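The values are calculated or read from the model by the stated rules, or taken from the named source; none is laboratory data. Treat the numbers as computed from the prediction; the structure is a model and nothing was measured. Every residue, glycine as well, gets a Cβ built from its backbone with ideal geometry; the counts of neighbours run over all protein chains shown. We work out accessible area using only protein heavy atoms, side chains counted, and drop any ligands, DNA or RNA first. Shrake-Rupley method; radii C 1.70, N 1.55, O 1.52, S 1.80 Å.
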Amino acid sequence: GAMITYIEAVVAISDAKSVRFVHRSRGSELAKFNSIHTASVHDIYRGLADFGGSSFWVTAERSQMVHYTIPLAIDKIRVWAPRPSIDASLMASYRLFRSPFSYGVWSLV
């Protein structure tokens with residue numbers, strides 16, 4: 001893919017003698033991460049890989065493991081969700097009013 005082509009071009013102009021492409025280690029696969037991308041970042045964190053490149057997002061979990069460079073591209077993603085309906089009934093107003101405290105606390109007031 002594009003990332004492999006990019007890394008091969010970087011290696012061609014660098015002092016590196018070669019590069020070996022590995023998706024992730026068997027150890028990170030056994031660690032049961034929520035995604036294969038986080039498992040790959042974990043390999044860098046543990047010193048099993050020198051660097052990584054992919055089209056994955058920077059997440060809080062991953063950024064605690066490694067430092068990121070400036071991204072090559074930025075995704076423009078929008079999430080559309082329905083607006084929640086508003087309950088304006090008298091009972092809903094009452095529940096909202098009493099919600100900070102339990103009935104026991106309200107009985108003391």
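Screening Arg62 with (1) part of a loop (DSSP other than H, G, I, E, B); (2) modelled with pLDDT of 80 or more; (3) in contact with a helix residue (DSSP H, G or I) (Cβ under 6 Å, 6 or more places away or on another chain); (4) not β-branched (Val, Ile, Thr) gives one miss only, at (1). Restricting attention to region 34-44, the residues that are under 20 Å from Ile77 (Cα atoms) and either assigned to a loop (DSSP other than H, G, I, E, B) or touching a strand residue (DSSP E or B) at 6+ places or on another chain (Cβ under 8 Å) (or both) total 1.
For region 88-103, a residue qualifies if it is open to solvent by less than 70 Å² (accessible area, probe 1.4 Å), at pLDDT below 80 and assigned to a helix (DSSP H, G or I), and exactly one does: Arg98. When region 1-23 is limited to residues that are in a helix (DSSP H, G or I) and among the small types (Gly, Ala, Ser), the one that is least open to solvent (accessible area, probe 1.4 Å) turns out to be Ala9. Taking (1) part of a helix (DSSP H, G or I); (2) at pLDDT 85 or above in turn, Gly47 satisfies each apart from (1). So which residues in region 24-79 are surrounded by 14 or more Cβ atoms within 10 Å (Cβ to Cβ) and either in contact (Cβ under 8 Å) with a residue 40 or more places away in the chain or touching a Cys at 6+ places or on another chain (Cβ under 8 Å) (or both), if there are any at all? Listed by number, the list holds a single entry, Gly53.
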